[in-house]
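Quick notes on the structure that follows.
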Amino acid sequence: MSIKAKDLLSIDDISTEEIAVIMQNAKSMKQILQRDIKKVPTLRGKSVINLFYENSTRTRTSFELAGKYMGADVVNISAGTSSVKKGESMRDTARTIDHMSADVIIMRHHESGAHKILAESVNARVINAGDGKHEHPTQALLDAFTVLEHKETVEGLKIAIIGDILHSRVARSDVLIFNKLGADVWFCAPPTLMPSKASELGATITYSLEEALQDADIVITLRLQLERQDSGFFPSIREYTNFYGLNTKNIKWARPDCLILHPGPMNRGIEISYEAAELPNAVINEQVNNGVAIRMALLYIMGGGRSGDTV
Ligand code: CP
């Protein structure tokens, strides 16, 4: 089983049925992760390249481990230590990697849409590990997988995505996947951190944290992306935290069994309090573990893994 599209650049590249297949495979991959020896030969002889033009801990490491756990040869390229520093274009870098017979190229890039140029330039299959403010589809897959480990279905759940929506590729991929799965998705941010056409993305818009959290089944708090902001989005970080920071008091507006997610890295004490991040219903560490399982599933499906070799 593969997915029809050559590349995974957006959640829109995969159907609801294909999402279900990825989730099913990720369940099997989690069994491998729980083993003492986390190694299968499924991707032996395949090569996976991590091409990162932006910093990452979770995404890059989990793709690297996912590939290695499945027997692939994995190479990491950071823009800062590659020939990109000598002025090589992204397209030429990609073609160079492609001519080394890469099977899958995973790229993170600061420019929204950079992956489309990459995908059109190479024979390898391309997975988007985050492009600018556009999308982060593998994060959305692991978020949905994490929710489905706790809830029978996503259909009908109220999912509140709170924080810096304007700069968030996670919000854009999450709204796509959770809408495909039948959820009621809300965006909550100060007006200056809400995209001008946010409602066209398929979420209900509110500027009130109380309204967003009221009866929510799932809360996804987003990192305040200070590195993508000029000044003037809000008067001060303290004020932002007062109005939009999740804490152990305001989470009580949500349903008692509400799950708390955060894609990481967290600014503890800004968009989420230290205590809220440690509540029993906070599944932030589970998201990290599920990130490896989802990426193993994707590499298996897109890298041409041999069936029967998985678990
Ligand atoms: N969630 C996420 O993309 O984290 P990293 O930037 O650490 O990869």
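A few points about this structure:
- Whichever residue in region 205-244 is in contact with a strand residue (DSSP E or B) (Cβ under 9 Å, 6 or more places away or on another chain) and assigned to a helix (DSSP H, G or I) and, among such residues, is surrounded by the fewest Cβ atoms within 10 Å (Cβ to Cβ): E211
- Selection status of S173, modelled with pLDDT under 95 and not in a loop (DSSP other than H, G, I, E, B): no
- Selection within region 270-282: residues that are open to solvent by 40 Å² or more (accessible area, probe 1.4 Å) and within 24 Å of L226 (Cα to Cα). The member of this set that is farthest from the ligand (Cβ to nearest atom) is E275.
- Count of region 3-18 residues, restricted to those that are hydroxyl-bearing (S, T, Y) and open to solvent by 50 Å² or more (accessible area, probe 1.4 Å), is 1.
- Residues satisfying the stated conditions in region 158-185, i.e. open to solvent by 20 Å² or more (accessible area, probe 1.4 Å) and either more than 16 Å from the ligand (Cβ to nearest atom) or not assigned by TED's automatic domain parsing to the domain that holds L213 (or both): K158, L166, L176, N179, K180, L181, G182, D184
- Taken as a whole, region 74-94 holds no residue that is touching a His at 6+ places or on another chain (Cβ under 7 Å) and either at positive phi or not hydrophobic (A, V, I, L, M, F, W, C) (or both).
- Taking first residues from region 117-142 that are touching a residue at least 24 places away in the same chain (Cβ under 8 Å) and on the phi > 0 side of the Ramachandran plot and partners that are hydroxyl-bearing (S, T, Y) and open to solvent by 10 Å² or more (accessible area, probe 1.4 Å), the Cβ contacts under 9 Å between residues at least 6 apart in sequence or on separate chains come to G130/S56; G132/S112.
- Across region 192-204, the number of residues qualifying as open to solvent by 50 Å² or more (accessible area, probe 1.4 Å) and at pLDDT 95 or above comes to 1.
- Selection from region 70-83 of residues that are closer than 27 Å to M302 by Cα and of a type in the set (V, I, T): V74, V75, I77
- Looking only at residues in region 142-157 that are of a type outside the set (D, E) and not in a loop (DSSP other than H, G, I, E, B), the one that is most open to solvent (accessible area, probe 1.4 Å) is H150.
- Selection count, region 245-265, where residues are open to solvent by 20 Å² or more (accessible area, probe 1.4 Å), out of contact with any helix residue (DSSP H, G or I) (no Cβ under 6 Å at 6 or more places or on another chain) and assigned to a loop (DSSP other than H, G, I, E, B): 5
The values are calculated or read from the model by the stated rules, or taken from the named source; none is laboratory data. All of these numbers come straight from a predicted model, not from anything done at the bench. Because the Cβ atoms are built from the backbone with ideal geometry, glycine has one as well, and the counts that use them run over all protein chains shown. The accessibility values were calculated without ligands, DNA or RNA, using every heavy atom of the protein model including side chains. Shrake-Rupley method; radii C 1.70, N 1.55, O 1.52, S 1.80 Å.
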